[in-house]
1. Out of everything in the range 88-115 that is hydrophobic (A, V, I, L, M, F, W, C) and part of a strand (DSSP E or B), what residue ends up being farthest from Glu186 (Cα to Cα)?
2. Within the bounds of the range 109-118, is there any residue that is within 21 Å of the chain's Cα centre (by Cα), under 27 Å from Glu67 (Cα atoms) and crowded, with 18+ Cβ neighbours inside 10 Å?
3. Is it true that Phe151 is buried (at least 17 other Cβ atoms within 10 Å of the Cβ) and either free of Cβ contacts under 8 Å to residues at least 60 places away in the same chain or in contact with a His (Cβ under 8 Å, 6 or more places away or on another chain) (or both)?
4. Test of understanding: among Ser66, Ser77, Ser125, which residue is at pLDDT 70 or above and among the small types (Gly, Ala, Ser)?
5. If you go through the range 188-198 one residue at a time, do you hit one that is surrounded by 14 or more Cβ atoms within 10 Å (Cβ to Cβ), modelled with pLDDT of 95 or more and touching a Lys or Arg at 6+ places or on another chain (Cβ under 6 Å)?
6. Taking the options Pro160, Pro138, name whichever one is farther than 21 Å from Arg62 by Cα and surrounded by fewer than 15 Cβ atoms within 10 Å (Cβ to Cβ).
7. Checking Gly130 against (1) more than 15 Å from Asp88 (Cα to Cα); (2) out of contact with any strand residue (DSSP E or B) (no Cβ under 7 Å at 6 or more places or on another chain), only one condition comes out false. Which one?
Amino acid sequence: MLSLSYAWEIEPVTTATLEQKNLRVGFYALFGAVFMLGMGYAAVPLYDLFCRVTGFGGTTQRATESEADAAARMAASAGAPTMSIRFDASIARNVPWTFKPAQSTDTVQIGVRDMAFYTAKNNSSVPITGTATFNVEPEQAGKYFNKIQCFCFTEQTLQPGQEVRMPVLYFVDPAALEDENMQGVEQITLSYTFHRKVESDS
């Protein structure tokens, strides 16, 4: 009967070996943290781009005057129907403003540009800068709601007691008439929420 014996050579764990492993683990952890931080910064503009292209989440589109002219010609040739537009306004808790639409609803012909107004008043004793976020309901209407001019494109600074009237120039893309998901949609709601700009310490 044969007896087999094996001699296992155990490699001693030295301080240098542990330091190398720790450095490797630390490098991987640092790389992962930097990667996730970069993805965090990139996610916002990428998500915004995705929403603007697809209209996801009720995100509206931004159009030029020439695109508005083309839509108007298309609407005129097709005899486009009308659409009811409802306007909504709200403010964040830390914005001491009065913010409301100048009109609650409007009826527009699809493809034809129209202008609406919102009013905002700073009720505080200090200047306040705000930015407006927006969305459209129902969500599937977002990619067909085109803004040519809007106060939401820039920051708005109101002095103490100042009241302003802010325009929104828009149109509804006639392509909505060919979308099955838009069948039965008789009203689109445009909503804005003003948020206070966070001032940097620098």
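1. The selected residue is Trp97.
2. Within the range 109-118 (the criterion being within 21 Å of the chain's Cα centre (by Cα), under 27 Å from Glu67 (Cα atoms) and crowded, with 18+ Cβ neighbours inside 10 Å), the answer is yes, since at least one residue qualifies.
3. Against the criterion (buried (at least 17 other Cβ atoms within 10 Å of the Cβ) and either free of Cβ contacts under 8 Å to residues at least 60 places away in the same chain or in contact with a His (Cβ under 8 Å, 6 or more places away or on another chain) (or both)), Phe151 qualifies.
4. Ser125
5. Scanning the range 188-198 turns up at least one residue that is surrounded by 14 or more Cβ atoms within 10 Å (Cβ to Cβ), modelled with pLDDT of 95 or more and touching a Lys or Arg at 6+ places or on another chain (Cβ under 6 Å).
6. None of the others qualify; the one that does is Pro160.
7. The number of the failed condition is (2).
For every residue, the table says whether it meets (1) in a loop (DSSP other than H, G, I, E, B); (2) at positive phi; (3) free of Cβ contacts under 8 Å to residues at least 12 places away in the same chain; (4) in contact with a Pro (Cβ under 7 Å, 6 or more places away or on another chain).
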position	(1), (2), (3), (4)
Phe117	no, no, no, yes
Asn135	no, no, no, no
Val164	no, no, no, no
Gly184	yes, yes, yes, no
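The values are calculated or read from the model by the stated rules, or taken from the named source; none is laboratory data. Note that the coordinates shown come from a computational prediction; the quantities given were computed from them, not determined experimentally. Cβ coordinates were reconstructed from backbone atoms using ideal geometry, including for glycine residues, and neighbour counts include every protein chain displayed.
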